[in-house]
Amino acid sequence: MATAEVKLSVGEFVNEAFVDFARPENKKAMEDALVKVAGEFGREYPMYIGGERVFTTEKLYSTNPSRPSQVIGVFQLASAEQAGQAVEAAHEAFANWKRVPAERRVEIIFRAAQIIRERKFELSALICYEVGKSWMEADADTAETVDFCEFYGREMLRLAGEHAVTPQKGEKNYLVYLPLGVGAVIPPWNFPAAIAAGMTAASLVTGNTVVLKPSEEAPAVAAKVVEIFYEAGVPREALNFITGTGEVAGDAMVKHAKTRYIAFTGSKEVGLIISEAAAKRAPGQIWIKRAVLEMGGKDATIVDEEADLDSAVEGVTQAAFGYSGQKCSACSRAIVSEKVFDSFVEKLVERAKKISVGPSDEQKNYMGPVVSATAMEGILGYIDVGAREGKLVLGGGRAAGDGYFVEPTIIADVDPKSRIAQEEVFGPVLAVIKARDFEHALAIANDTEFGLTGAVYSRNPEKIARAEEAFFVGNLYLNRKCTGAMVGAHPFGGFNMSGTDSKTGGKDYLLHFLQAKSVAEKVA
Ligand code: NAD
C-alpha cells in the first residue's frame, strides 16, 4: 500500500523551461512536428476499459477550430453503461495498483514526464491544432504537464511511508496516507494536456485508479497523454479512458456507487451539478464521495493611479487576450482609478490593436480561434450585451478567416453590476470599470460570486499591503499579470464559486487524493 519504504532519491523540483521559438532549431522542430501531427489527422482512437480497446457505433469528431473542416480525430461515444463498466474495471484494478510501492508509481510518473519532454513538440503541435493554442501557449501547456508529473512525483515521495506523530508512552504510533479508490477524472478543454494529465497523475501516483473522460472538445490530446502514461508503465486496467459527452458518460461516472472521488475542472454550472450529484448516496455506496472541483472565474486587475501604466497595459493585454481569453485565470475586468482611466484605456486600445489573430499553427499569430462554433456564438452574444451595457472601444465581432476567430474586444465604462462585469464570458472580451479610489476598486473586484485570480498594479506599498489583506482571491498577483501560474511557485485554485480551492501544483494537493490512517500499538 502507500506505506512502502522510500528509497528513490530525486533532485529539487524545477519548472520545465519554455521553448525559445526565436531559435531556428526550435522553430524548425515545431514546424516539423506540425507537419507530422497533421499527417495523423483523421485517425480513430479507441477507448480503454479494463485494458480492452473498446469501439462504439456512434462517433465523436474532434475538429480544428482554426480550420473547422479538418478532422483531428475520430472518437468513441461512450454510453452510460460503458462509463459504469469503466468504473467497475477501475475498482477491480484498485486492489493491485494500491499495493504497487509508492516509489514504483513515482518512477512511472517520472518516466511519463520524460517521454513528454522527448516528444514535447509533437504534443504542443496537437494542442495547437485541437484547441487553437498559439505556439507559445501550447508549449506552456506541455511544460505544465511535465511539471505536474515531476511535482506530484516528489510530493508522493514526501507523503509515502510512516509519518511521526506525538509519541505516546507505552505505544508505538504513526500515521500513514492511503489512496481512496476509483477517481472520476473530468477535465476541461482549455488545458487539454496539463489539466487532464495533472489530475490523472495526482490520482495514479497516490495509488488510486482512474476513469478519465476528457472534454468533447479535446479528446485527441487526452488520448495522447493516456498513450504516454501506458508507455511509461501505468497498467491499462488502472487508467481507463472513455470519450463521450459530459451529460451521459460524465454523469454516469459521477453517480456510480463505486466512484470514490471526482476530480473535476470546468465551469461553475457543471461543477455545481457534480457537487450535488456527488453528495447523493447511490444504492450500495459505502463512502461519502469527495469532490475536488475547480471552476470558473471573473478575474480582475486593479490599476491604481500610482501604477506603472505601461506595465499595467502590457499585463492586462496579455492576461485578457492570451489564448483568446480562454483561461480560468484570464483578466476579464480591468478596474481602473478614475484619475488614469482615460489614458489607460487609450494605451490599452493602442496595444491591443497590435494583436494578430489567425490560425494558431502559424507562429505569427498571437491569438488563435476560440474553441468551437458554440463558444464563438456565446461570446458574440456577450459582446452584444456588453456593447449595450458599456462603450465598445475595440473589436466587437468576428475576425477574418474560416476559423472561429473573434476580435480582441474592449468595452469601457462598464457598470460593476452589469452582466459583462459579473458573468464568465471565456473569450477575448475585457470590461473596463472606473473606480473612485483604491478601496472602491477593491470593493468592485470582490463583488462577484467568483474568487479565482486577481492582480493589482500600484507603486504604493500601503495599497499593495491592503490588497494582500482584502483582495479575496485564491491567486493574487502584485505588479504582474493574473495568468501564468507556475507549478510549485503559484499553487492554483480559487474561492467562492471558483471551486474548492484544491491548489493544484501545491504541497497540499495530493492530500485530496489520500486518506490518513492513524496506527497505535500498545508496547510493553
Ligand atoms: P465544462 O464545465 O463545460 O466541461 C468540463 C468537463 O465536464 C468536460 O469534460 C465535460 O464533458 C464534463 N461535463 C459536462 N457536463 C457534465 C455532467 N453533467 N456531469 C459530468 N461531467 C460533465 O467546462 P469547459 O468548457 O470544458 O471548460 C471551461 C471552464 O473551465 C471555464 O469555466 C473555466 O473557467 C474552467 N476552468 C477552471 C480552471 C480552474 O483551475 N479553476 C482551470 C481551467 C478551466
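Taking 0.36 nm per residue of separation and subtracting the Cα-Cα distance, what length does fully extending Arg436 through Glu362 add? Provide the component values of the computation, followed by the final result.
Working: separation 74, 0.36 × 74 = 26.64 nm, distance 4.27 nm.
Stretched fully, the Arg436-Glu362 segment lengthens by 22.4 nm.
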Between Tyr61 and Ala524, how many nm apart are label points set 7 Å from Cα along the C-beta direction?
7.7
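Work through the residues other than Asn479 whose Cβ is under 13 Å from its Cβ and net out their charges, Lys, Arg +1 and Asp, Glu -1.
-2
Could you give the C-alpha radius of gyration of region 125-227 expressed as a fraction of 2.2 N^0.38 Å, taking N as the number of residues it contains? Write out the running numbers ahead of the final one.
Values: Rg = 17.7 Å, N = 103, 2.2 N^0.38 = 12.8 Å.
Cα Rg divided by the expected 2.2 N^0.38 Å: 1.39.
Rounded to the nearest 5, what % of the DSSP beta bridges within region 368-524 are antiparallel ones? Can you show the working numbers first?
Numbers: 5 of 12 bridges.
Bridges in region 368-524 are about 40 percent antiparallel.
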Roughly how far apart, in whole Å, are the Cα centres of region 195-260 and region 404-460?
35
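Semi-axes of the equivalent ellipsoid of region 304-350: what are they in whole Å, largest first, if each equals the square root of 5 times a C-alpha gyration tensor eigenvalue?
Numbers: eigenvalues 79, 21, 15 Å².
Largest first, region 304-350 gives 20, 10, 9 Å.
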Got a sec? Charge dipole of region 326-447, +1 on Cβ for Lys and Arg, -1 for Asp and Glu; which of Gly397, Ile444, Val357 is way out at the positive end?
Val357
For region 438-524, with only Lys/Arg (+1) and Asp/Glu (-1) charged at the beta-carbon, what is the dipole magnitude about the Cα centre, in debye rounded to 20?
360
Keeping every protein chain in place, order Arg260, Arg480, Arg154, Arg419 by accessible area at 1.4 Å, biggest value first, i.e. largest first.
Arg419, Arg480, Arg154, Arg260
Nearest 5 percent is fine: what portion of the DSSP beta bridges confined to the chain is antiparallel?
40
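Can you compute the helix-only [θ] at 222 nm over the chain? Use -39500 (n - 2.57) per DSSP H run of at least 4 residues, normalise by all residues, nearest 500 deg cm²/dmol. Present the calculation step by step, with values, prior to reporting the outcome.
Numbers: 15 runs with 195 residues, N = 524.
Value at 222 nm, helices only: -12000 deg cm²/dmol.
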If I model a spin label at Val10 and Arg398 as a point 7 Å from the Cα along the Cα→Cβ vector, what separation in nanometres do I get?
4.7
In region 4-138, what percentage of the DSSP-assigned beta bridges are antiparallel, given to the nearest 5?
80
Run the reach check for Lys347 against lysines, Cα to Cα strictly under 27 Å, same-chain hits fewer than 8 apart removed. What comes back?
Lys133, Lys298, Lys327, Lys339, Lys364, Lys391, Lys417, Lys434, Lys463, Lys481
Mind computing the radius of gyration and Dmax over the alpha-carbon atoms of region 333-422? Å is fine for both.
14.0, 42
So, relative contact order of the chain in percent, Cα under 8 Å, 6 or more apart, is 17
Inter-label distance for Ala17 and Ala443, nm, one decimal - labels placed 7 Å from Cα along Cα-to-Cβ
5.0
Summarise the accessible area of the chain (1.4 Å probe, protein heavy atoms) by the percent that is carbon and sulfur.
52
Report, in order of residue number, the helices in the chain meeting two criteria: a C-alpha extent of 15 Å or more along the helix axis, and a mean Kyte-Doolittle hydropathy of at least 1.0; treat each whole DSSP H run as one helix.
194-205
Could you tell me, in Å, what Rg and Dmax come out for the Cα atoms of region 392-475?
15.2, 50
If you bin every alpha carbon distance in the chain into 20 Å steps from zero, what whole percent lands in each bin?
23, 54, 22, 1, 0
What is the spread of the Cα atoms of region 476-524 along each of their three principal axes, largest first, in whole Å?
60, 23, 15
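Can you tell me the length gained on complete extension of the stretch Gln114 to Glu40, counting 0.36 nm per residue apart and subtracting the Cα distance?
On the way: separation 74, 0.36 × 74 = 26.64 nm, distance 2.27 nm.
Full extension from Gln114 to Glu40 adds 24.4 nm.
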Express the accessible area of the chain per residue in Å², computed with a 1.4 Å probe while the remaining protein chains stay in the model.
39
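Can you quote the Å³ per residue value for the convex hull of the Cα atoms in region 130-174, rounded to an integer? Let's see the in-between values first.
On the way: hull volume 3.8 nm³, N = 45.
Spelled out: Cα convex hull of region 130-174, divided by residues, is 84 Å³.
Compute the length gained on full extension between Ser311 and Glu338: take 0.36 nm times their separation in residues and subtract their Cα-Cα distance, giving the result in nm to one decimal. Write out the running numbers ahead of the final one.
Details: separation 27, 0.36 × 27 = 9.72 nm, distance 1.78 nm.
Using 0.36 nm per residue and subtracting the Cα-Cα distance, I get 7.9 nm.
Could you tell me whether region 42-138 comes out rounded, prolate or oblate from its Cα gyration tensor? Rule is a ≥ b ≥ c as square roots of the eigenvalues, rounded for a/c under 1.5, then prolate if a/b exceeds b/c, otherwise oblate. Present the calculation step by step, with values, prior to reporting the outcome.
Numbers: a/c = 3.23, a/b = 1.23, b/c = 2.63.
Here region 42-138 falls in the oblate category.
The values are calculated or read from the model by the stated rules, or taken from the named source; none is laboratory data. None of the values given here were measured: they were computed from a predicted structure. Quick reminder, even Gly has a Cβ in these numbers, built from the backbone with ideal geometry, and neighbours come from all protein chains shown. Just the protein is used for accessible areas: all its heavy atoms, side chains included, with ligands, DNA and RNA removed. Shrake-Rupley method; radii C 1.70, N 1.55, O 1.52, S 1.80 Å.
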